[in-house]
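Asks: After the structure tokens below, expect a handful of questions from me.
The values are calculated or read from the model by the stated rules, or taken from the named source; none is laboratory data. For clarity, every value in this text was computed on a predicted model and none was experimentally measured. A quick note on method: Cβ atoms are made from the backbone with ideal geometry, for glycine too, and the neighbour counts reach across all protein chains shown. For accessibility, only protein heavy atoms count, side chains too; no ligands or nucleic acids. Shrake-Rupley method; radii C 1.70, N 1.55, O 1.52, S 1.80 Å.
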Amino acid sequence: MKLKSMTLEEMDALFKELRQPAFRAKQVYTWLHKGVRSYEEMTNLPKDLRAVLEEKYPIYAPVAVRRQESRLDGTRKYLWQLEDGNCVETVLMRYHYGNSVCISSEVGCRMGCAFCASTLGGLVRKLEPHEMLDQVLFTQLDSGLPISHIVLMGIGEPLDNMENVLRFLELVNSKEGMNISLRHISLSTCGLVPKIDELAQKKLQLTLSVSLHAPNDEIRNTIMPVNKAYPVETLLEACRRYYQATSRRISFEYAMINGVNDAPEHAKELLRRLKGLPAHFNLIPLNHVEESPLKPSTKAAVARFQKILEDGGVTATVRRTLGGDIDASCGQLRRKHTKENQ
Ligand code: SAH
């Protein structure tokens, strides 16, 4: 395991093995979580220890191979090159409450959603914990903007990489590290039911977002293959269990697709199925992906849908689309880059 993926306790144990005083582990952990690019920068470490660590645990820092900044709203997008040459995207969004990063959890994705650019080339590999941490760290360093919020909504399915994601959460939340509160973190899933149940048992204070995108199996089956394994009712039952275990309201994502899932009867059907489950809806006008025939709903259809949900007692916000001029929706930049380099 890479040093940067280790918890402070694991590093303590390692430094004990290396016959180093206990405080060294904390020093190294703190430096790594500040985003140093080499042991040279760890100036309070003896030279010989730096050499030993360099030999055994070389540090890699991701390289920004592309940076884009939206002229519309200051959204920034990074394409980071990882140690093995693969690239992932991170998006920095500026809100009144702080700066939020949307990070990737995998290189590619194997979920196959019909509207999503991230899945077009399939799954290449899962990200290591430190590769998720690095996206937050180096986006903060490169932009000079302090990051207070994180959404796991970039490339990949976080619950398909659960162990590494949980470890990443522990790292980014640690007080010797970035110290970002779990209450400021959202994790989005396409609906892997057994993993939702597993996550519920951890009782974390993060926000679980579920990509619902359809009121019934008939529609959901056509746009999300995962629905064949975990149909809508099964998924909603898992959401109820999640709420019971954590008391955390579920946030549902709903990409509005013209003529597919945006009719008034679809909103009414959602209300019938949710009955009593505390929920919030994020209505996201579909971001058009070149390779897909699906188109975004009209503004009027989105407004009508929102009103029906709100009248039925379910809060619904229309997600402001940020970074529309820089391919900011997940997977689009990586895909362009891969194509150009083929
Ligand atoms: N795999 C996770 C997280 C990554 S996607 C998940 O499925 O939730 C983050 C959100 O963006 C999901 O709700 C996903 O369905 C949505 N999304 C993907 N492509 C989109 C597009 N072209 N337009 C709008 N939303 C999209």
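Asks: Taking the stated definitions as given, is residue 112 of a type in the set (Gly, Ala, Ser), in a loop (DSSP other than H, G, I, E, B) and within 12 Å of the ligand (Cβ to nearest atom)?
Replies: Working: of a type in the set (Gly, Ala, Ser): yes; in a loop (DSSP other than H, G, I, E, B): yes; within 12 Å of the ligand (Cβ to nearest atom): yes.
Against the criterion (of a type in the set (Gly, Ala, Ser), in a loop (DSSP other than H, G, I, E, B) and within 12 Å of the ligand (Cβ to nearest atom)), residue 112 qualifies.
Quick grid of which residues meet (1) within 16 Å of the ligand (Cβ to nearest atom); (2) not polar (S, T, N, Q):
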{"site": "84", "(1), (2)": "no, yes"}
{"site": "90", "(1), (2)": "yes, no"}
{"site": "98", "(1), (2)": "no, yes"}
{"site": "103", "(1), (2)": "yes, yes"}
{"site": "118", "(1), (2)": "yes, no"}
{"site": "125", "(1), (2)": "yes, yes"}
{"site": "129", "(1), (2)": "no, yes"}
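Residue by residue, here is whether (1) among the small types (Gly, Ala, Ser); (2) touching a residue at least 24 places away in the same chain (Cβ under 8 Å); (3) not assigned by TED's automatic domain parsing to the domain that holds residue 138 holds:
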| position | (1), (2), (3) |
| --- | --- |
| 32 | no, yes, yes |
| 45 | no, no, yes |
| 76 | no, yes, no |
| 108 | yes, yes, no |
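Asks: Residue 46 versus (1) at pLDDT 95 or above; (2) surrounded by 19 or more Cβ atoms within 10 Å (Cβ to Cβ); (3) farther than 24 Å from residue 169 by Cα: which is the lone unmet condition?
Replies: The single condition residue 46 does not satisfy is (2).
Asks: Is segment 134-155 home to any residue that is open to solvent by 10 Å² or more (accessible area, probe 1.4 Å), within 16 Å of the ligand (Cβ to nearest atom) and touching a Gly at 6+ places or on another chain (Cβ under 9 Å)? Show your work before the answer.
Replies: Step one: of segment 134-155, the residues open to solvent by 10 Å² or more (accessible area, probe 1.4 Å) are 140-149, 151, 153-154.
So of that shortlist, the ones also within 16 Å of the ligand (Cβ to nearest atom) come out as 149, 151, 153-154.
Going one step further and asking which of them are touching a Gly at 6+ places or on another chain (Cβ under 9 Å), we end up with 149, 154.
Yes - at least one qualifying residue is present in segment 134-155.
Asks: Taking into account only those residues within segment 60-93 that are under 16 Å from the mean Cα position of the chain (by Cα) and among the basic types (Lys, Arg), which is most open to solvent (accessible area, probe 1.4 Å)?
Replies: 76
Asks: Then there is this: Against the conditions (1) part of a loop (DSSP other than H, G, I, E, B); (2) in contact with a Pro (Cβ under 9 Å, 6 or more places away or on another chain); (3) at pLDDT 95 or above, where does residue 304 fall short? Just the number, please.
Replies: (1) is the only condition that residue 304 fails.
Asks: Using the structure shown, decide if residue 163 is open to solvent by 10 Å² or more (accessible area, probe 1.4 Å), part of a helix (DSSP H, G or I) and at pLDDT 95 or above. Show your work before the answer.
Replies: Values: open to solvent by 10 Å² or more (accessible area, probe 1.4 Å): yes; part of a helix (DSSP H, G or I): yes; at pLDDT 95 or above: yes.
Yes; evaluated as a whole, the condition is true for this residue.
Asks: Let me ask something else about it. What helices (runs of 4 or more DSSP H) completely inside segment 179-298 contain at least 1 residues that are more than 16 Å from the ligand (Cβ to nearest atom) and open to solvent by 30 Å² or more (accessible area, probe 1.4 Å)? If you could, list the steps in order and put the result at the bottom.
Replies: On the way: elements: 193-202, 217-223, 226-229, 232-246, 264-274.
Fully inside segment 179-298 and qualifying: 193-202, 217-223, 232-246, 264-274.
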